[in-house]
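Peer 1: Have a look at the structure that comes next, please.
The values are calculated or read from the model by the stated rules, or taken from the named source; none is laboratory data. Since the model is a prediction, treat every value here as computed from it, not as a measurement. Because the Cβ atoms are built from the backbone with ideal geometry, glycine has one as well, and the counts that use them run over all protein chains shown. Just so you know, the surface numbers come from the protein's heavy atoms only, side chains and all, with ligands and any DNA or RNA stripped out. Shrake-Rupley method; radii C 1.70, N 1.55, O 1.52, S 1.80 Å.
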Amino acid sequence: MSSRCCLGRRSVLLIVLACGAAFGTRLDAQRAPASASAAAESIKCWWKTDKDAVLIAEQFTLTLTCGVVEDSRTKVAADAKQFEPTALSLAPFEVLSGTPYEDIHDPPWRYFQREYRMRLLGETFFGQDVDIPALKITYGMRSAATGEAEGRDQTIVLPALPMRVQSLVSKNAKNIRDGSTETFGDIETRLSQARSTLTAAGVLFAFAVVLLALSARKMVGRYMERAPVKKRPLAAHAVLRGCLQDLGLLKTDVAREGWTEEMVGRALTLFRIAGAVALGRRVAQTVVDRDVEGRTGQLKVRKGKLSRKRTLVSAPTTADAIARQLANGTAPGPRTRMALDEIRESLIVFNAAHYRRNGQLDVTALDAALDQGETALRRMRFSARWPVRTADALAKSVGRRGATA
């Protein structure tokens, strides 16, 4: 009885141990695939090209992107040397250069990317599909705390990428020539850009020459004594224009305030200057600043629209001088003679009013003399224009030739 009990206990123990061993084996078998799956899910890589078809020796871009897990327990490490351009073996394709970019962190993932410039050389690849070979990437699992490796290194394989090699010539061609991709439009664009650049360069060069000339003049002027600059006098038409402008202001003042001694003097100054111009005599001119006021008997005339200078004009013309000029037989043309007669009569009236003995002013006579003088000034201004002067000169020349004949 006791021997049977012992035998039964041994049998149960053997069955339990056998079941435990079998269960342990099953657990190990399940753990291995789980570990491999976890490692595979800790890294992911892919690559692509920017072109699906290339010509012989044409460069294209191959982009490799990878993402690895980096958390508090595990860190996936891939050796950076295997991504160097010189370390990649992708024959028959040639790796010309490689460009790394800054990593991007998106916990628990860290992404890194490399770009490679590629090309294919060879005479036997025209019109064929040539694969970029599969790429093996080696990586390892490391502890984030200690940095020690956890197991041996593992490998993932990127699939091959197909690339079509285009042919430039037909099968019966005897030689191969590279075709140009430029058109006449590209040539015209470059010529237009060249012309624009040349024009801009010419303008800038001209500015540089002007600035250089100004600088040289300024430097030379420091060591050389400047000669006195002769100021060009106002032309006759400019003087007459100033007289007409001041006469318009005078008429406005007379209409508002009436005739005064000062206004009579202004009118006398205007007609004296106009008489000197009509006689062809020079008038006294003094260039002053804009703020300088002239003396009695002087008329301030503007030199130009943008000039800050003014010219004080005066003349000592009298009615007797005009009369003598008209009586000596050398009087000018009929238009000028008529203007001189009108100016002489106006001078007589305003001279009598200016040097009168009693205090009465003949307003009617003064108004008539002012209007008559204004008519004479406008006639002289018209005669002073260059078309009229040219026509008068031609008429005189024709008259002299007729008289000579």
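Peer 1: Out of the residues in region 270-285 that are aliphatic (A, V, I, L, M) and either open to solvent by less than 10 Å² (accessible area, probe 1.4 Å) or in a loop (DSSP other than H, G, I, E, B) (or both), which is farthest from PHE382 (Cα to Cα)?
Peer 2: Once the filter is applied, the top-ranked residue is VAL283.
Peer 1: Evaluate the following for ARG310: is it free of Cβ contacts under 8 Å to residues at least 60 places away in the same chain, out of contact with any helix residue (DSSP H, G or I) (no Cβ under 7 Å at 6 or more places or on another chain) and open to solvent by 90 Å² or more (accessible area, probe 1.4 Å)?
Peer 2: Values: free of Cβ contacts under 8 Å to residues at least 60 places away in the same chain: yes; out of contact with any helix residue (DSSP H, G or I) (no Cβ under 7 Å at 6 or more places or on another chain): yes; open to solvent by 90 Å² or more (accessible area, probe 1.4 Å): no.
Considered against the rule, which asks whether it is free of Cβ contacts under 8 Å to residues at least 60 places away in the same chain, out of contact with any helix residue (DSSP H, G or I) (no Cβ under 7 Å at 6 or more places or on another chain) and open to solvent by 90 Å² or more (accessible area, probe 1.4 Å), ARG310 comes out as no.
Peer 1: Could you say which residue among ALA216, ALA236 is at pLDDT below 90, within 21 Å of GLN372 (Cβ to Cβ) and open to solvent by 20 Å² or more (accessible area, probe 1.4 Å)? Break it down into steps so the answer makes sense when it comes.
Peer 2: Values: ALA216 fails: within 21 Å of GLN372 (Cβ to Cβ).
Just one listed residue meets the conditions, ALA236.
Peer 1: Which condition from (1) over 43 Å from the mean Cα position of the chain (by Cα); (2) under 25 Å from GLU41 (Cβ atoms) is the one that GLU94 breaks?
Peer 2: (2)
Peer 1: Given (1) open to solvent by 30 Å² or more (accessible area, probe 1.4 Å); (2) over 26 Å from ASP52 (Cβ atoms); (3) touching a Lys or Arg at 6+ places or on another chain (Cβ under 9 Å); (4) assigned to a strand (DSSP E or B), where does ILE156 come up short, assuming only one miss?
Peer 2: Tallying (1) open to solvent by 30 Å² or more (accessible area, probe 1.4 Å); (2) over 26 Å from ASP52 (Cβ atoms); (3) touching a Lys or Arg at 6+ places or on another chain (Cβ under 9 Å); (4) assigned to a strand (DSSP E or B), ILE156 fails exactly one: (2).
Peer 1: Let me ask you something else. Given the condition in contact (Cβ under 8 Å) with a residue 60 or more places away in the chain and under 49 Å from the mean Cα position of the chain (by Cα), answer yes or no: does some residue in region 72-83 qualify?
Peer 2: No, every residue in region 72-83 fails to be in contact (Cβ under 8 Å) with a residue 60 or more places away in the chain and under 49 Å from the mean Cα position of the chain (by Cα).
Peer 1: Being open to solvent by less than 60 Å² (accessible area, probe 1.4 Å), at pLDDT below 90 and under 22 Å from LEU161 (Cα atoms) is true for just one of PHE125, PHE112, PHE93. Which residue is that?
Peer 2: Details: PHE112 fails: at pLDDT below 90; PHE93 fails: at pLDDT below 90.
Step by step, each of PHE125, PHE112, PHE93 is checked, and only PHE125 is open to solvent by less than 60 Å² (accessible area, probe 1.4 Å), at pLDDT below 90 and under 22 Å from LEU161 (Cα atoms).
Peer 1: Here's another thing I want to ask about it. Test of understanding: among ARG324, ARG389, which residue is closer than 20 Å to ALA276 by Cα and modelled with pLDDT of 80 or more?
Peer 2: One residue alone meets the criteria, ARG324.
Peer 1: Let me ask another. Are any residues in region 61-87 touching a Phe, Trp or Tyr at 6+ places or on another chain (Cβ under 7 Å) and either among the basic types (Lys, Arg) or not in a strand (DSSP E or B) (or both), and if so, which ones?
Peer 2: PRO85 - this is the single residue of region 61-87 that is touching a Phe, Trp or Tyr at 6+ places or on another chain (Cβ under 7 Å) and either among the basic types (Lys, Arg) or not in a strand (DSSP E or B) (or both).
Peer 1: Going by what's in this entry, would ALA267 be described as over 16 Å from LEU377 (Cβ atoms) and open to solvent by less than 60 Å² (accessible area, probe 1.4 Å)?
Peer 2: Taking the combined requirement at face value, the residue does not satisfy it.
Residue by residue, here is whether (1) part of a loop (DSSP other than H, G, I, E, B); (2) surrounded by 10 or more Cβ atoms within 10 Å (Cβ to Cβ); (3) modelled with pLDDT under 80 holds:
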position	(1), (2), (3)
THR197	no, yes, no
ALA201	no, yes, no
GLY221	no, yes, yes
VAL229	yes, no, yes
GLY242	no, yes, no
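Peer 1: Could you grab the pairs with beta carbons closer than 7 Å, sequence gap of 6+ or different chains, first residue in region 251-267 and under 18 Å from GLN298 (Cα atoms), second one surrounded by 15 or more Cβ atoms within 10 Å (Cβ to Cβ) and of a type in the set (Gly, Ala, Ser)?
Peer 2: Here the result reads VAL264/ALA353, each pair linking region 251-267 to a residue that is surrounded by 15 or more Cβ atoms within 10 Å (Cβ to Cβ) and of a type in the set (Gly, Ala, Ser).
Peer 1: Which residues, taken from region 43-52, are in a strand (DSSP E or B) and surrounded by 13 or more Cβ atoms within 10 Å (Cβ to Cβ)? Break it down stepwise before answering.
Peer 2: The initial filter retains those residues of region 43-52 that are in a strand (DSSP E or B), namely 43-49.
Correct list: ILE43, LYS44, CYS45, TRP47, THR49.
Peer 1: May I ask you to list pairs of residues, at least six apart or on different chains, whose Cβ atoms are under 6 Å apart, with the first in region 99-113 being touching a residue at least 60 places away in the same chain (Cβ under 8 Å) and the second being part of a loop (DSSP other than H, G, I, E, B) and buried (at least 16 other Cβ atoms within 10 Å of the Cβ)?
Peer 2: Sorted first by the residue in region 99-113, then by its partner, the list stays empty.
Peer 1: When you scan region 44-77, how many residues do you find that are within 14 Å of VAL157 (Cα to Cα) and at pLDDT below 90?
Peer 2: So the answer is 0.
Peer 1: Answer yes or no as to whether GLY179 is over 30 Å from the mean Cα position of the chain (by Cα), open to solvent by less than 90 Å² (accessible area, probe 1.4 Å) and modelled with pLDDT of 75 or more.
Peer 2: no
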